[in-house]
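The numbers here are math on the coordinates, done by the rules we state, and not lab data. Keep in mind the model is a prediction, meaning the values are calculated, not measured. Quick reminder, even Gly has a Cβ in these numbers, built from the backbone with ideal geometry, and neighbours come from all protein chains shown.
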2 protein chains.
Amino acid sequence: MIKLPGLIDPHVHLREPGQTHKEDWDSGTAAALAGGVTMLLAMPNTKPPIFDAGTLDLALTAARSKARCDYAQYLGAGPDNTEWGNQADLPQKAAGLKMYLDSTFGQLRLDDMTLWQQHFMQWPKELPLVAHSESRSMAAVILMAAIYDRPVHIAHISLKEEILLIKAAKERGIKVTCEVCPQHLFLTRDDIPAISQGHPGRGEVRPRLATREDVEALWGNLDVIDCFATDHAPHTLAEKDGENPPPGFPGLETLLPLLLTAVEDGPLAFAQGRRLTMDDIIQKSVTNPRRIFSLPEQPETWVEVDENANYELHADEMKSRCGWTPFEGWKVRGRVRRVMLRGKIAVEDGKILVQPGYGQNVRGK
Amino acid sequence: MIKLPGLIDPHVHLREPGQTHKEDWDSGTAAALAGGVTMLLAMPNTKPPIFDAGTLDLALTAARSKARCDYAQYLGAGPDNTEWGNQADLPQKAAGLKMYLDSTFGQLRLDDMTLWQQHFMQWPKELPLVAHSESRSMAAVILMAAIYDRPVHIAHISLKEEILLIKAAKERGIKVTCEVCPQHLFLTRDDIPAISQGHPGRGEVRPRLATREDVEALWGNLDVIDCFATDHAPHTLAEKDGENPPPGFPGLETLLPLLLTAVEDGPLAFAQGRRLTMDDIIQKSVTNPRRIFSLPEQPETWVEVDENANYELHADEMKSRCGWTPFEGWKVRGRVRRVMLRGKIAVEDGKILVQPGYGQNVRGK
């Protein structure tokens, strides 16, 4: 049996308010605990999006009564909420500011870089700023971190050109950190047919699954990756298989077994990088996110893993409401047996033992 | 009569080798002199493109026998010529390195930022590096200038978000300079119908004509603009009016009258910026390009302008082979009467008096 600290997932979509048929604060935080994640940061592109005091309250009210693990809620950067300096302590109540700059639709997408500049100037320097920014947009965001001399965290990098540019920027002393999702470490675009099973929507995720060369570059630069994050983005199978399938994969319940299996198996067959270690998992899923996002320690909190359990991943054994996984049938090694959260047994042998409302807002006073 | 130094245009397409029906080193340099431009830097996206010793020799051989004004020829950054360190003194023989990162087709377009990094690392730091990079790509290029601590010059900026980001980068000490073309100072997308005259291809130019707000931002930040450049991009009217019209405007013979008229008239009616001055013209068309591109002074070289001449711009009075201008019929004030180039009368009352081959390669030893 291995004992790990409770994992932190800085990138989770819980779909509440607005789309609770996909997931809500209850089912999503249950899925988190089942996966060994004891703290998560919830994204703001809900319906309505979370971008001011009123909408933040909407999300936090749902969370207060329903969350089973600890959490904080992001605010979204929009065209009309750049005046953070006039918002009293609103920024301090959020996980951070999320900027949607690519591949996103709806009110939170910012196309005009002059708005990015405004958010960079006005969002408090000591609070987290996270960007969904791919390729050249990512480079543009890192430039703003350099110009305004403040930290920025790049969500879900997936490309060779991204990891190599972040590496160079870090070497130059620019305050950039980044996260990588399991789908971009363990899948390439060549896996889309197997995931799709004839339903192309199942293979849709943003950032898209990349090339083998991109995946190799991530494994070849493990030390540049600050965090693992799931970008848990649940949609129902009916939606994924329907017209206009929404992009996104669930991920909370597959993150840890995939990482543990990689520790056991060594790097992917085609990748040249060094072997993933247990220390990597702790660093990139606990220590680094705690530091980057200024998150509190969780006392008496840990995850017990049976490292010798060999089994297959199956969506019908998962807590997420979405009912599917792109890793269906994958053979993995290492199963969560028990999760302790602040002195209580939160999970034991697949059963969630803490009630909705047990989770705490880590940005609450 | 006003006496100006000979202008330098750092961004000119002469179409030779390969497309001399549009322009060549003779007609293009005649157009330059007629416009008061005594030195120009020629772009490398010819047919074939100029990207190595052999192709540079091709362009310079044509230039040597045909150019009437002074010049240098750019090399283009491609996917296979990043190893500048192994190229002996080839980089020193060129005007600089031109990177095509947007809105360009053919062999010189670089989509992969890892290739940009290679060029940034390998092109000698003391030699000019120019990027066609719009919007977020521009920001990405400026990031590379910051990371590799070397100067970069941004070609033809046209957007508010571009000039504001360059302003912020300069304030932070990043080594970025930029140029603006007359079409982006004097035209907006609202002018496209008048330019097109029913032929939509005539309004096509890259970067595209922008919004009034963008043009206002350029006039409102004149001090951020380092250079004026024409991006003289001649195509015949038959091509512009045909299928798949190539983007591009000629500009060598309209630059100076447009600028002189703006000095006289003050800022555009809708722009809030300060008035353009003669000092601006000298700074942005002579002093700054000379410094940025390390160009030699031209002794006994000047342009005499009749500042009281009021007239209309007409393509049929121009030297460019392309036979049209987007400024057809514009009423301007200020006409080039005489150009002296290295002690010889090069232009007098519309007649070109220096022969092909009089022009010198300013990077020649």
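Suppose we keep just the DSSP beta bridges with both residues in the protein assembly as shown; what percent of those would be antiparallel, to 5? Just about 45 percent of them are antiparallel. Summing charges over all other residues whose Cβ lies under 12 Å from the Cβ of A:Gly334, with Lys and Arg as +1 and Asp and Glu as -1, gives -1. Residue by residue along B:159-169, Cβ atoms of other protein chains within 10 Å of the local Cβ number 4 on average.
Looking at the calculated P(r) for chain B, what percent of the C-alpha pair distances fall above 39 Å? Pairs farther apart than 39 Å: 8 percent.
Distances, shortest first, from the label point of B:Glu83 to those at the same position in the other copies read 5.9 nm; the point lies 7 Å along Cα to C-beta. Put a dot 7 Å past the Cα of A:Asp190, heading toward its Cβ, do the same for A:Glu213, and the two dots end up 1.4 nm apart.
Note on chain B: antiparallel DSSP beta bridges, both residues inside, total approximately 45 percent of the bridges counted.
Of all aspartates and glutamates in the structure, the ones whose alpha carbon falls short of 18 Å from that of A:Lys344, not counting any fewer than 8 places away in one chain, are A:Asp26, A:Asp70, A:Glu297, A:Glu300, A:Glu304. Here the Gaussian network model covers chain B, with springs between Cα atoms less than 10 Å apart; of B:Glu297, B:Glu162, B:Glu16, B:Glu297 fluctuates the most. Cross-link reach is defined here as a Cα-Cα straight distance under 17 Å, omitting same-chain residues fewer than 8 places apart; for A:Lys160 the aspartates and glutamates meeting it are A:Glu134, A:Glu171, A:Glu179, A:Asp190, A:Glu213, A:Asp214, A:Glu216, A:Asp223, A:Asp226, B:Asp111, B:Asp112.
Between A:Met43, A:Met318, A:Met278, the GNM of chain A built on Cα springs shorter than 10 angstrom shows A:Met278 fluctuating the most. For A:Cys181, nonlocal amide neighbours, meaning residues 5 or more places apart or on other chains whose placed amide H falls under 5 Å from its own, are A:Ile157, A:Ala229. Our summary gives the stretch A:144-240 a relative contact order of 35 percent, counting only alpha carbon pairs under 8 angstrom and 6 or more residues apart. Computed with the Debye formula from one identical point scatterer per Cα of the stretch A:1-111, without solvent, the log10 of I(q)/I(0) at q = 0.14, 0.19, 0.24 Å⁻¹ comes to -0.55, -0.95, -1.35.
Taking amide hydrogens as modeled 1.01 Å from N in the peptide plane, which residues meet the under 5 Å criterion relative to B:Gln73, leaving out close sequence neighbours? Result for B:Gln73 returns B:Ala42, B:Ala95.
Taking a point 7 Å from the Cα of B:Trp330 along the Cα-to-Cβ direction, none of the residues of the stretch B:193-211 has its backbone N closer than 11 Å to it.
From Cα pairs below 8 angstrom and at least 6 apart in sequence, can you work out the relative contact order of chain A, rounded to a whole percent? It would help to have the intermediate numbers written out before the result.
Working: 827 pairs, mean separation 80.4, N = 365.
It comes to 22 percent, rounded to a whole number.
Count Lys and Arg as plus one, Asp and Glu as minus one, and take only other residues whose Cβ is under 10 Å from that of B:Asp24; the net charge is then +1.
Take A:Met1, push a point 7 Å out from Cα through the beta-carbon direction, and compare it with the same point in every other copy: 9.9 nm, smallest first. Normalised by the number of residues in the stretch A:21-108, the mean separation of alpha-carbon contacts (under 8 Å, six or more apart) gives a relative contact order of 32 percent.
Sorted from longest to shortest, the spans of the Cα atoms of the stretch A:218-288 along the three principal axes equal 41, 29, 20 Å.
Can you give the average number of partner chain beta-carbon atoms within 10 Å of each beta-carbon in peptide A:106-112, as a whole number? Could the numbers behind the result be given before it?
Values: counts 0, 0, 0, 0, 0, 3, 4.
Per-residue shielding by partner chains comes out at 1.
Would you look at the GNM of chain A, springs on alpha carbons closer than 10 Å, and say which of A:Val130, A:Val37, A:Val176 moves the most? Highest fluctuation among the options: A:Val176.
Ascending distances from the A:Gln272 label point to its copies in the other chains, with the point 7 Å along the Cα-to-beta-carbon line: 5.4 nm. Distance distribution P(r), the protein assembly as shown, all Cα-Cα pairs, bin width 20 angstrom from 0: 17, 42, 27, 13, 1 percent.
Dividing the summed helix terms, -39500 (n - 2.57) for each DSSP H run of n ≥ 4, by the number of residues in the protein assembly as shown produces a 222 nm estimate of -8000 deg cm²/dmol to the nearest 500.
Inside 10 Å of the C-beta atoms of A:143-151, what's the mean count of C-beta atoms belonging to other chains?
Numbers: counts 16, 5, 1, 7, 12, 2, 1, 0, 0.
Mean partner-chain Cβ count within 10 Å for A:143-151: 5.
With a simple spin-label model that places each label point 7 Å from the Cα along the Cα-to-Cβ direction, the separation between A:Lys351 and A:Thr287 comes to 3.6 nm.
Dividing the alpha-carbon radius of gyration of the stretch B:310-365 by the rule-of-thumb value 2.2 N^0.38 Å gives 1.40. Scan chain B and hand back the longest stretch that contains none of the chymotrypsin sites (Phe, Trp or Tyr not before Pro) lying in DSSP loops with at most 13 other Cβ atoms within 10 Å. It runs B:106-269. In summary, the lysines within cross-link reach of A:Lys93, defined as a Cα separation below 25 angstrom excluding same-chain residues under 8 places away, comprise A:Lys47, A:Lys66, A:Lys125, A:Lys175, A:Lys284, A:Lys365.
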